[in-house]
Amino acid sequence: MLVFFFILFGAMAIGCALAVVAQRNPLYSAISLIGVFISLACLYVMLAAPFIAAVQVIVYAGAIMVLVVFVIMLLNVEEEERRRPRLRFLVPAAIALAGVLIAEAAFILVSVQESRVVPTSSTSDVGLTQSIGSALFTQYLLPFEITSILLLMAIVGAMTLARRGALLPGRDQSKRSD
Amino acid sequence: MDSQTAIDIALKFAAITVAFVVVLLVVAYTVLAERRVLGFIQGRLGPNRVGPGGMLQPFADLLKFILKEDIVPDKSTRFVYFLAPVIATMAALMTMIVYPFGPEIPIPFTDIVIPLTVARFDVALLYVLGITSVGVYGIMLAGWSSNNKYSLMGGLRASAQMISYELGLGLSLIGIILLAGTLDLARIVELQSGWHGFRWFIFFHPLGFVIYMIAAIAETNRVPFDLPEAETELVAGFHTEYSAMKFALFFLAEYINMFTVSMLATTLFLGGWNVPFAEDIFGRPSFMFGLVSAIGFLLKVIFFLFLYIWLRGTLPRFRFDQLMNFGWKILLPFALLSIFITATLIFLFPNSF
């Protein structure tokens, strides 16, 4: 049963991920990316980490991708016509990097199977709300606070960039119109 | 797969089917109730011809939707155009499985105990928020794929509004999570059963309740926040180009969402299925206690649905800039204030919560 669902959601994730890259229409890519996030959330549920799954859906599918789709809709991006890629040298580089990535994944898989360490129990409490909460506010308090300050800085920075036109109305707005 | 697993899966499927049918029936009659109550508010009768007192009107409407011609705009983006109503309805229906409709009911003369919740898990509240946030895509994609200016504007407005008010909605629930110390909806209801079934969280977190109600009305795109489908400006908003059954699916999703936020308000703020003094009269667990509690839950939800209809008959519509200003400059600070107050009270008097 578990194997069946693993194959189902894994195949969904890979299929959607391929579609993200292969689609020419940016909106279709965005929809495929949402599919990737939702299949990943299903995989997290199967790993007994419901909190991470819920957060995955809320943050990625529910917030970030909504903004991405929003921007695509607002800009009304046209379908990109097929043309020969200008940066030709990137193609072999990409293939080489993908090869390195696959080799790394294979190495990890092999070394995991060879290692003698057995998992302590089949059900862990890593992904539960309580364990994540207590870990965040005790052991990892400093990284947590630094991350929130970083996010606050990003918000303030975005505000400053967006307000620049409003602060200097004359010249900047005429620049913006073109 | 052994036979026990198969029976469990079959029982879950049956429970989900029963929950969906009940929800769809309640939704169908909410539509009828809305038309009749609006009729009485406006000094007319409303639909009262089909069946006794108009009781069969929902089925007549459904038949009409099925039989109408299904028009697909020529220049629409086909696949997304078909996908959008499906996403909207699915996201609306998927949250139904976590609500505790009532306590466990023991059937008399047998030792069968029926739990009135389809699924109970650790992060039920987050699950509801996550699925609701995915529901935005239905509206956005409908607006985009129709290839119509009004649809696009309606979809953009709807998604901007839903993103903005999701903040207030989520923040108003933090106080409840602080009070309960859990995200499990069934446990949250259990915690409210003190004081003879009257220990409702609304008394501990009243500001949060007001904010939740306002944000919930905006989330479901209802009057006075129904800017996405403002007829005078946008024809019918994101569903301008949708007809027949596809329009019916959007219609259905809107009313299921109304029902969902009403159930969430009942569960989190008004004690869920806790009916005052029911436990003292009937004892627990007993069949009567379960029945009275489930009916109490339904009555509370119906109160919220009536509130929605009442507001629709009473209030005019916001302007779009007013809507955004209200969401970001009033609702959000007050939601933060309510969290601050509740957290401070819990910190100062940890024993009384």
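Read the figures in this text as sums done on the coordinates, not as results from a lab. As the structure is a prediction and not an experimental result, all values here were calculated from the model. Note: ideal-geometry Cβ built from the backbone for every residue, glycine included; neighbour counts use all protein chains shown.
Values as computed for the structure displayed
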item: Using θ = phi - 60° and Karplus 6.51 cos²θ - 1.76 cosθ + 1.60, couplings along region B:53-61 (whole Hz; Gly, Pro as x); result: x, x, 5, 9, 3, x, 6, 4, 4
item: Mean separation of Cα contacts under 8 Å, 6 or more apart, over the residue count of region B:1-150: relative contact order %; result: 24
item: Region B:99-190 pair-distance distribution - Cα-Cα, 10 Å bins, rounded %; result: 14, 30, 24, 19, 10, 3, 0
item: Sites A:Leu150 and B:Ala343 - FRET efficiency at Förster radius 35 Å, r taken between beta-carbons, to 0.05; result: 0.90
item: GNM top mover of B:Ala335, B:Ala253, B:Ala236 - chain B, alpha-carbon springs below 10 Å; result: B:Ala236
item: For A:43-54, mean number of other protein chain Cβ atoms within 10 Å; result: 3
item: Shielding by partners - mean other protein chain Cβ count within 10 Å, residues of B:158-164; result: 2
item: Relative contact order %, region B:264-311, counting alpha carbon pairs below 8 Å whose residues are six or more apart; result: 39
item: Residues B:Phe20, B:Phe251 arranged by fewest to most Cβ contacts within 10 Å; result: B:Phe20, B:Phe251
item: Footprinting exposure proxy for B:Met94, B:Met162 (fewest neighbouring C-beta atoms within 10 Å first); result: B:Met94, B:Met162
item: Where only alpha carbons of region B:1-128 are counted, the Rg and the Dmax (Å); result: 20.1, 63
item: Descending semi-axes in Å of region B:287-345, equivalent ellipsoid built from Cα gyration tensor; result: 33, 23, 6
item: FRET efficiency, B:Lys12 to A:Ala63 (Cβ-Cβ, R0 30 Å, nearest 0.05); result: 0.50
item: Mean Cβ count within 10 Å, highest first, over the residues of peptides B:129-136, B:57-64, A:49-56, A:88-95; result: B:129-136, A:49-56, B:57-64, A:88-95
item: Volume per residue that the Cα convex hull of chain B spans, once the total is divided by residue count, Å³; result: 168
item: Rg/Rh (Cα only; Kirkwood hydrodynamic radius) as it applies to region A:1-78; result: 1.04
item: Shape of region A:125-164, Cα gyration tensor, a/c cut at 1.5; result: prolate
item: The protein assembly as shown shape via C-alpha gyration tensor axes, a/c threshold 1.5; result: rounded
item: Structure-based [θ]222 nm, chain B - -39500 (n - 2.57) summed over DSSP H runs of at least 4, per residue, nearest 500; result: -21500 deg cm²/dmol
item: Modelled FRET efficiency - R0 60 Å, B:Phe277 with B:Phe82, Cβ distances, 0.05 increments; result: 0.70
item: For B:Ile105, residues with placed amide H under 5 Å, excluding near neighbours; result: B:Ile114, B:Leu116
item: Residue of B:Ile71, B:Ile217, B:Ile309 that the Gaussian network model of chain B assigns the largest fluctuation, springs spanning Cα pairs under 10 Å; result: B:Ile71
item: Spacing of the two label points (7 Å from each Cα toward its C-beta) at B:Lys64 and B:Val113, in nm; result: 4.8
item: Rel. contact order, % - alpha carbon contacts under 8 angstrom, at least six apart, region B:70-219; result: 25
item: Inter-part distance where region B:288-326 and region B:60-125 are each reduced to a Cα centre, Å; result: 19
